[in-house]
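The structure under discussion appears below in the form of structure tokens.
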Amino acid sequence: MNISKVENKGKTIAVVSGSDILIEDVQSALDLMATVRYEVDCDRIVLHKSLLSESFFDLKTRLAGEILQKFVNYQVKAAIVGDFSAYTSKSLKDFIYESNNGKDIFFLPTEQQAVEKLGGV
């Protein structure tokens, strides 16, 4: 796992990258939040969707809701970056739409858009 810091509109944002799945369950999400806070002192995180287990995107598992609730509870804003067009579930599309209209969690196509969005909230 690599963590880099970027600045946008006076806010520091952690960009997490890597080749392995980092978030498989609620505990691994909590561990990631703690690592980012400890190592780079950020409460805004950009993650590529490849760092999340595919079960995250299956809403029947309830994993996405549980993980994103932890992000909100611990006041960590996050943007998940990637191409979500491959997912055909209407409920997932609705979930992404609702998240993008909030202030804490965003699903965006590019890292640059994610950094700009997290810098503005």
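Any read-out appearing in this document is the output of simple, stated calculations on the displayed coordinates, not a laboratory observation. Fair warning: this is a prediction, and the values are worked out from it, not measured in the lab. Counting neighbours? That spans all protein chains shown, and the Cβs are built from the backbone with ideal geometry, glycine included.
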If a residue must be in contact with a strand residue (DSSP E or B) (Cβ under 6 Å, 6 or more places away or on another chain), more than 25 Å from Ala86 (Cβ to Cβ) and surrounded by fewer than 20 Cβ atoms within 10 Å (Cβ to Cβ), how many such residues does the stretch 40-71 contain?
1
Restricting to the stretch 101-121, give me the number of residues that are farther than 17 Å from Thr12 by Cβ, of a type outside the set (Gly, Ala, Ser) and out of contact with any Lys or Arg (no Cβ under 9 Å at 6 or more places or on another chain).
4
Residues that are of a type in the set (A, V, I, L, M) and more than 12 Å from the chain's Cα centre (by Cα), at least 2 per element: which helices (runs of 4 or more DSSP H) completely within the stretch 14-121 meet that?
26-40
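Yes or no, residue by residue, for (1) touching a Lys or Arg at 6+ places or on another chain (Cβ under 8 Å); (2) hydroxyl-bearing (Ser, Thr, Tyr):
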| site | (1), (2) |
| --- | --- |
| Ser55 | no, yes |
| Leu59 | no, no |
| Ala64 | no, no |
| Gln69 | no, no |
| Asn73 | no, no |
| Ala79 | yes, no |
| Gly82 | yes, no |
| Tyr87 | yes, yes |
| Ser99 | no, yes |
Of the residues in the stretch 72-121, those that are in contact (Cβ under 8 Å) with a residue 40 or more places away in the chain, small (Gly, Ala, Ser) and surrounded by fewer than 19 Cβ atoms within 10 Å (Cβ to Cβ) number 2
